[in-house]
Amino acid sequence: MSEPGVRLSKRMTELGLCSRREADDFIERGLVRVDGAVVRVLGSRVLPEQKIELIRQATLPSESRVTLLLYKPEQTAQALPKFIRAETRSPDDNSGIEFLPRHAGKLSLAGALDHAASGLVAMTQDGRLAEKIAERELEYLVQVDSAPPADELQKRLQAVRLDGAVVPPFKVTRQSDRQLRFVLHRPLPRQIWLLCEQAGIAIGSVRCIRIGSISTGSLQPGQWRYLQAFEQF
């Protein structure tokens, strides 16, 4: 047996209040009242005789497709979009964008995606921007038990082959006795771990600190923020 009434978003369109897409946006933002009570649940149903009104300040946000920056904690098993919640938003986010739950959906990801890696992850709903981000270089800081001397490090890593194939181009520098810096372009899954393993270098941790020109900045592990309009990858 079907539920009584019609979807609230459809009824708002029938009344000429807005389009279906706009209706869903207004409902999610808590800007719709039914018989005087705010309704925020998408898919809510109403009867023809019920009074529906938009709160006066209801206007569509300009950010129809958002881009987010997440600091992924180390050894993260959960799906990364699940970190995108109001309570995990960085207090330093100055974008002025109102958080909506739908911002955590339909995201393309780049950055610290390997399970054991931590650091920066870019997440976007903009397909064109996703393609652009995929072309940007990624910078990682790798903590190791003991870093070989610079000349030996280069020789070891440049000689590595993965499954008999030449490894995609990368840069590596020795930062200290315990830290290496990798710059990769379109990395293979677990590329840093595979390179170091075959070169006899034991890894402690891997952290992505930059995607293109965007760095982690003030983000703390588990926090996220919106990409601001002036920022470019």
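Just so you know, all these numbers are worked out from the coordinates, no wet-lab data involved. Everything quoted here is computed from the prediction, not taken from an experiment. Don't worry about glycine lacking a Cβ; one is built from the backbone with ideal geometry, like all the others, and counts go over all protein chains shown.
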For Ile209, the residues 5 or more places away or on another chain with a placed amide H closer than 5 Å to its own amide H are Leu120, Glu139, Tyr140, Leu141
Average Cα contact separation per residue, the chain, under 8 Å, 6 or more apart, as relative contact order %:
23
Amide H to amide H under 5 Å from Ala110: which residues, 5+ apart in sequence or cross-chain, H placed 1.01 Å off N in plane?
Ala122
The answer for Ser44, listing residues at least 5 apart or on another chain whose modeled amide H is closer than 5 Å to its amide H, is Leu8
Taking only the alpha carbons of the range 6-54, what extent do you get along each of the three principal axes, in Å, biggest first?
23, 20, 17
Using the Cα centre of the range 6-54 as the reference point, and only Cβ charges (+1 on K/R, -1 on D/E), how large is the resulting charge dipole? Debye, rounded to the nearest 20.
120
For each pair in Lys10/Lys106; Lys10/Lys82; Lys51/Lys106; Lys132/Lys171, compute the distance between the two Cα atoms and list the pairs where it is over 31 Å.
Lys51/Lys106
Of the convex hull enclosing the alpha-carbon atoms of the range 1-131, the direction-averaged projected area in nm² is 10.7
Can you tell me the mean projection area, over all orientations, of the convex hull of the range 138-211's alpha carbons? Units nm², please.
4.4
